[in-house]
Amino acid sequence: MKKGKVDALLGIVFGDEGKGKVVDVFTPDYDVVARFAGGPNAGHTIIFEGKKFVLRSIPSGIFAQDKINIIGNGCVIAPDLFMAEAKELEAAGYELKERLHISKRAHLILPTHRVLDRAYEAAKGKAKVGTTGKGIGPTYSDKAARTGLRIGDILDGFEEKYAALKARHEQILHDLHYTDYDITEEEKLWLEGIKYISGFQLTDTEIEINRYLKEGKNVLAEGAQGTMLDIDHGTYPFVSSSNTTSGGVCTGLGVGPTDIREVFGIFKAYSTRVGSGPFPVELFDETGDKLREIGHEYGAVTGRNRRCGWVDLVALKYAIMINGVTQLIMMKSDVLDGFDTIKVCVAYKKDGKVMENMPFETEGCEAVYKELPGWKENLSKLTEESQFPQEFRNYIQFLETELETPITILSVGPDRAQTIVRK
């Protein structure tokens, strides 16, 4: 029997690219959809048949009733938030407990992790990273320090392990003089979430996935955040706490690199970023405001304004290289419909020096732009490539030439039906 494959679907800039929608569109072609990194700080919005869902921890393949969905070992899970998310899906008619499998090796986000998140941010003063406050960073810190709690710990000696880690966190908070907090009610809900999550299939998902591959089944690895938020390759320290790149697929699911076939890189026709950190293409004018309003650029989890700018080829080229991207997917093409001129960042400039490659430090870099004519037509009504206006074709061709990677899928609206596959 021919061995199955793993295809990776990744955001390749700062996240918020619309991965959830594309996973939902791709799911029929796969047997398994698996999340490999991140936690409830990542909101994947899916709209279909007039309904809207925001998934934070559960893979976006959950809407296909015949598919297995896996939360891999590279993820971190908040039981109370997971419970709320899962119950919302169950109330909408989606059965989860047979189809959603959770790695025993995934780490648990404790209520005190969230307090630590706030305490650490407060201690940074003006140098805040701009975290979501969901406890992601402190949880991954405990993982690296080998003091964390994992899903598998629920099954054996949990109360003692929980009390010990909670006490450790409380001591750290005391040492930081951060004592004005009360997690009493939050902890009750969290413990209820622990009981709820124990009713799911808690498995050795790395063994499970490799068994599926041996059986010839295909796996879609769903990324969270984006390459420029990767802990190693992003705009450190303004990054997430996990490996959001294709390398994270191997470590976060327990599959070998030779099992990965296609790497789909998702990006928007323009750029956005949430939180602090350098963003050379950021627009502070009416154009930036227009992109935000037309694109509804507000965080799916936090509701925060996303910073907006033109598409950044320096960041894209870097991300394509890091991830080994084989195909590109361009989202929100329709947001640029009303612009007479569209700009593309082709290089950075700093201290008089022009750079086409991603520098170690992007703080203080200015964008160098090339201007292209806009198409001034409504793309959202289009259903196939032959209907594309010539200016839009030219924009696609320019990006493909510069990025040396084909753009095979384009999104022209938020609904799953507004997705065009290029022949």
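The values are calculated or read from the model by the stated rules, or taken from the named source; none is laboratory data. Everything numeric in this text was worked out from a predicted model, so none of it was measured. Please note: Cβ atoms are built from the backbone with ideal geometry, for glycine as well, and neighbour counts cover all protein chains shown. Ligands, DNA and RNA are stripped out before the accessible areas are found, and what is left, the full protein with its side chains, is counted by its heavy atoms. Shrake-Rupley method; radii C 1.70, N 1.55, O 1.52, S 1.80 Å.
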Study note, to complete from the structure: Scoring the chain by relative contact order with C-alpha pairs under 8 Å, at least six apart, yields a percentage of 21
**Study point:** Probe 1.4 Å, protein heavy atoms only - accessible area per residue of the chain in square angstrom
**Key:** 43
Study note, to complete from the structure: In a Gaussian network model of the chain with springs linking alpha carbons closer than 10 Å, the residue among Lys349, Lys166, Lys124 that fluctuates most is Lys124
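Tell me the relative contact order for the stretch 90-249 as a rounded percent, counting alpha carbon contacts under 8 Å between residues six or more apart.
On the way: 164 pairs, mean separation 43.8, N = 160.
Computed value for the stretch 90-249: 27 percent relative contact order.
Determine the sum of side-chain charges near Lys317: Lys and Arg each +1, Asp and Glu each -1, restricted to other residues whose C-beta is under 11 angstrom from that of Lys317. Mind dumping the intermediate values first?
Details: positive: none; negative: Asp312, Glu356, Glu402, Glu404.
So the environment of Lys317 carries a net charge of -4.
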Exercise for review: State log₁₀ I(q)/I(0) for the chain at q = 0.11, 0.12 Å⁻¹ as given by the Debye formula over alpha-carbon point scatterers of equal weight, solvent excluded.
Suggested key: -0.83, -0.98
**Study point:** Most mobile of Thr147, Thr203, Thr139 in a GNM of the chain (Cα contacts under 10 Å)
**Key:** Thr147
Review point. Rounded to a whole number, what % of the accessible area of the chain do carbon and sulfur atoms account for, probe 1.4 Å?
Key: 50
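What fraction of the Cα pairs in the stretch 302-423, stated in percent, has a spacing above 18 angstrom?
Details: 4246 of 7381 pairs.
Cα-Cα pairs in the stretch 302-423 separated by more than 18 Å: 58 percent.
Which net charge results when you count Lys and Arg as +1 and Asp and Glu as -1 among the other residues whose beta-carbon is under 9 Å from that of Arg99?
On the way: positive: Lys67, Lys97; negative: Asp66, Glu95, Glu98.
Within the 9 Å Cβ shell, the charges total -1.
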Practice item. Taking only Cα atoms and a 10 Å spring cutoff, compute GNM fluctuations for the chain and point out the largest among Ser57, Ser276, Ser386. Key: Ser386
Point to revise | For the chain, size of Cβ-based charge dipole, Lys and Arg +1, Asp and Glu -1, in debye | key: 520
Check your understanding: Given H placed 1.01 Å from N in the peptide plane, which residues other than close sequence neighbours of Met355 have an amide H under 5 Å from its amide H?
Key -> Tyr348, Lys349, Lys350
Study note, to complete from the structure: For Phe158 and Glu185, extending 7 Å from Cα along the Cα-Cβ vector and measuring point to point gives, in nm, a value of 2.4
Exercise for review: Relative to the compact-globule scaling 2.2 N^0.38 Å, provide the ratio for the alpha-carbon radius of gyration of the stretch 57-174.
Suggested key: 1.18
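Within the stretch 44-107, which trypsin sites (Lys or Arg not before Pro) sit in a loop by DSSP and count at most 13 neighbouring Cβ atoms inside 10 Å?
Details: sites: Lys51, Lys52, Arg56, Lys67, Lys87, Lys97, Arg99, Lys104, Arg105; in loops: Arg56, Lys67, Lys97, Arg99, Lys104, Arg105.
Taking the stretch 44-107 and a limit of 13 other Cβ atoms within 10 Å, the loop trypsin sites (Lys or Arg not before Pro) found are Lys97.
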**Study point:** GluC sites (Glu not before Pro) restricted to the stretch 86-194 and DSSP loop, no more than 13 other C-beta within 10 Å
**Key:** Glu95, Glu98
Exercise for review: Report, by chain and number, residues whose modeled amide H sits under 5 Å from the one on Ile342, excluding near sequence neighbours (fewer than 5 apart, same chain).
Suggested key: Leu372, Gly374
Check your understanding: Rounded to the nearest 10 Å², what accessible area does Met321 show when all protein chains are kept and the probe is 1.4 Å?
Key -> 130
**Study point:** DSSP loop chymotrypsin sites (Phe, Trp or Tyr not before Pro) with at most 11 other Cβ within 10 Å: longest gap in the chain
**Key:** 1-283
